[in-house]
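Remarks on the structure that follows.
The values are calculated or read from the model by the stated rules, or taken from the named source; none is laboratory data. Since this is a predicted model, take the numbers as computed values, not measurements. Every residue, glycine as well, gets a Cβ built from its backbone with ideal geometry; the counts of neighbours run over all protein chains shown. When the accessible area is computed, the model is the full protein with side chains, heavy atoms only, and any ligands, DNA or RNA have been set aside. Shrake-Rupley method; radii C 1.70, N 1.55, O 1.52, S 1.80 Å.
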Amino acid sequence: MTQTALEAINLIRRFGETRALDEVYFTIPKGQVVSLVGPSGCGKSTLLRTLLWLEPPDDGFVKVGDRYLGKDLSPEGLVRRQSGREIDRIRPRIGMVYQSLNLWPHLTVEQNVTRPQIRVARRRPEDARDKAQALLDRLQIAQLSDRYPGEISGGQKQRVAIARALAMDPEIMLFDEPTSALDPELVGEVLSLLREFADGGMTMMVVTHELAFARDVASRLMFMDHGRIVADGDPNTVISSRKNARVAEFFDRVQAFHPDFRNPHQRRQR
Amino acid sequence: MKFDFDYVLSSLPRVSDAAMVNLRIAILAFCLALIGGTALTLVRSLKIAPLNGLIAVCLSFIRGTPILIQIFLIYYGLPAATGLRLPPEIAGITAIALNSSFFISEIMRGSLPEIDGGQIEASTALGLSPGVIWRKVILPQLFRRISPMLINEGTVIVKGTALLSVITVVEALRVSQQIGAAKFRPFEPILAAAAMFLIINLALTAGGLLLERRFAREGR
């Protein structure tokens with residue numbers, strides 16, 4: 001039986017009249033790589049913030065691994081709000097990597113990775129340091145441990161942000177448009193890093209405009225529009241399907257820029 | 001009347017001894033003001049309307065009236081109002097620290113928006129509690145940013161200690177006036193006192209520059 005990494009149950013979020021999230025349901029099993037695609041303003045950012053309970057939904061539940069986040073639902077159907085402390089303990093089980101990375105500029109690379117481990121996961125400083133070194137080593141930035149974020153490049157900063165999230169042993173990693181804040185020449189590097197993670201069996205949800213990634217690396221594509229997940233499934237099926245007019249229109253428009261994007265067979269033969 | 005440089009030098013030993021009192025008062029008041037200013041900033045960040053209203057009223061009073069009057073109020077007014085009579089030095093430290101707390105809190109408030117909100121969100125997402133975020137993320141960065149303004153506030157405090165001569169604190173200015181009164185020549189001892197304040201503030205500014213240089217390495 002496959003275990004669940006992240007589950008969204010009937011997430012609803014209203015801003016006045018508009019529904020930023022409209023009955024969002026999904027289950028991501030361990031090891032799956034999901035891409036979340038959609039036009040801007042479709043609710044992707046709200047969804048990420050809601051999944052982390054940074055912006056509690058008006059209704060619905062989030063489940064990380066086997067634990068609810070924000071609100072508990074007992075088997076008898078009782079709903080209980082969690083305390084701030086409880087939420088803080090569960091939150092890092094979702095490893096979030098922000099578009100703007102948000103490293104702590106006053107701490108060194110190593111401290112950026114060890115600080116949450118010591119403060120939140122209550123690990124001993126030496127254990128935290130070992131873990132940080134192992135991760136920085138794996139991400140090939142071990143030589144930068146003593147530098148400050150202001151002294152390293154954008155691509156290196158992103159690796160630090162990834163290491164910081166991974167150090168908390170998350171059930172799933174969320175990436176918010178990991179390539180859009182980077183120089184074009186770094187995009188390929190990040191995509192191959194994500195591909196490496198995917199091959200290593202990491203559970204990931206990637207909000208992306210990089211449709212080649214969505215098609216070739218992710219095993220599942222969720223398409224969001226107007227706060228709803230309007231298409232969900234195998235990337236090639238979703239991309240070539242004409243069932244949903246909104247989805248078809250979106251990919252038609254994308255196709256104009258990437259002529260053979262819709263033609264997966266050509267790519268498959270590589 | 002001729003300027004007598006030897007007279008300046010001869011009054012220096014007593015004035016410099018008294019300047020140690022200024023230094024002591026300034027250090028204590030500055031430390032208290034840092035604590036008070038941080039506490040005020042934290043309280044204001046809670047956005048409790050009546051409390052922030054009260055702080056705003058106090059702030060406009062402290063900012064809008066001379067610090068000399070505030071010193072008088074604490075030294076003479078407090079005993080009259082509550083029966084609590086503070087020794088001159090304690091009253092002076094209290095007045096200066098209180099005054100400076102509000103100015104430091106304003107400095108902090110001014111620089112707080114410069115700290116990226118995304119960092120706070122990322123810290124929350126990593127499970128850091130609001131208290132830890134303040135202690136380990138916001139305040140360390142805030143103090144680095146405002147260090148030049150804090151040094152400036154420090155020099156204001158050092159100079160402010162001279163005002164305590166009016167509430168009988170035996171500090172550099174008062175001692176220099178005493179020497180001047182005894183010798184019927186007030187000018188030279190006052191220059192000696194001025195030199196003492198200048199030395200303290202130059203040392204403070206130099207320390208500030210060293211700190212800034214250290215912070216600059218960490219960069220952004």
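Quick notes
- Using a 1.4 angstrom probe on protein heavy atoms only, the contact between B and A buries about 2100 square angstrom of accessible area, both sides summed.
- Whole-number D in µm² s⁻¹ for segment A:183-224, Kirkwood Cα-pair radius fed into Stokes-Einstein, 4 °C, 1.567 mPa s: 119 µm²/s
- Ignoring lysines fewer than eight residues from A:Lys63 along the same chain, the ones with Cα atoms less than 27 angstrom from its Cα are A:Lys30, A:Lys44, A:Lys71, A:Lys131.
- Segment A:1-110: GluC sites (Glu not before Pro) falling in loop per DSSP and having at most 11 other Cβ within 10 Å: A:Glu17, A:Glu76
- A cut-off of 5 Å between modelled amide H atoms, ignoring neighbours fewer than 5 places along the same chain, links A:Asp59 with A:Ile12.
- Expected 222 nm ellipticity per residue - DSSP helices of 4 or more, -39500 (n - 2.57), all of chain A, to 500: -10500 deg cm²/dmol
- At least 10 Å² of accessible area lost relative to the chain alone, listed for segment A:116-133 with a 1.4 Å probe: A:Pro116, A:Arg119, A:Val120
- For segment B:5-218, size of Cβ-based charge dipole, Lys and Arg +1, Asp and Glu -1, in debye: 140 debye
- Heavy-atom accessible area, 1.4 Å probe, ligands and nucleic acids excluded: residues of segment B:117-137 down by at least 30 Å² from chain alone: B:Gln119, B:Glu121, B:Ala122, B:Thr124, B:Ala125, B:Leu126, B:Gly127, B:Leu128, B:Lys136
- What chain A shows is 47 Å² of accessible area per residue, with the surface traced by a 1.4 Å probe over protein heavy atoms.
- Net dipole in debye of the protein assembly as shown [+1 Lys, Arg Cβ; -1 Asp, Glu Cβ; about Cα centre; nearest 20]: 620 debye
- Normalised contact order of segment B:5-218, rounded percent, pairs of Cα under 8 Å and 6 or more residues apart: 35 percent
- Between A:Pro39, A:Pro75, A:Pro178, the GNM of chain A built on Cα springs shorter than 10 angstrom shows A:Pro75 fluctuating the most.
- Local charge for A:Glu171 was computed over the other residues whose Cβ lies under 14 Å away, with Lys and Arg +1 and Asp and Glu -1, and equals +3.
- Radius 11 Å from Cβ of A:Met202, net charge of other residues (Lys, Arg +1; Asp, Glu -1): -1
- Longest to shortest principal axis, alpha-carbon extents of chain A, angstrom: 55, 51, 40
- Antiparallel bridge percentage (DSSP; both residues within segment A:143-248; nearest 5): 55 percent
- Percentage of interatomic Cα-Cα distances in the protein assembly as shown larger than 44 Å: 36 percent
- The magnitude of the dipole of segment B:144-200, with charges of +1 and -1 set on the Cβ of Lys/Arg and Asp/Glu and taken from the Cα centre, is near 100 debye.
- For segment B:114-215: Kirkwood Rh in Å [reciprocal of mean 1/r, alpha carbons]: 16.8 Å
- The alpha carbon gyration tensor of segment B:57-180 gives principal lengths a ≥ b ≥ c with a/c of 1.5 or higher and a/b greater than b/c, which makes the shape prolate.
- When the solvent-accessible area of the protein assembly as shown is split by element, carbon and sulfur atoms take up 58 percent of it, the probe being 1.4 Å.
- Average accessible area per residue (Å²) across segment B:5-218 - probe 1.4 Å, nucleic acids and ligands excluded: 49 Å²
- DSSP H segments from chain B that extend 18 Å or more along their own axis, Cα-based, with Kyte-Doolittle mean of -1.0 or above: B:5-45, B:49-64, B:88-111, B:139-160, B:187-218
- Segment B:5-218 - Debye-derived log10 I(q)/I(0), Cα point model, q = 0.17 Å⁻¹: -1.18
- Delta accessible area of at least 30 Å² on complex formation, residues of segment A:46-81, 1.4 Å probe, chain isolated as reference: A:Arg49, A:Leu54
- Farthest positive-ward along the protein assembly as shown dipole, Cα basis, beta-carbon charges - from A:Val109, B:Ala122, B:Leu9: B:Leu9
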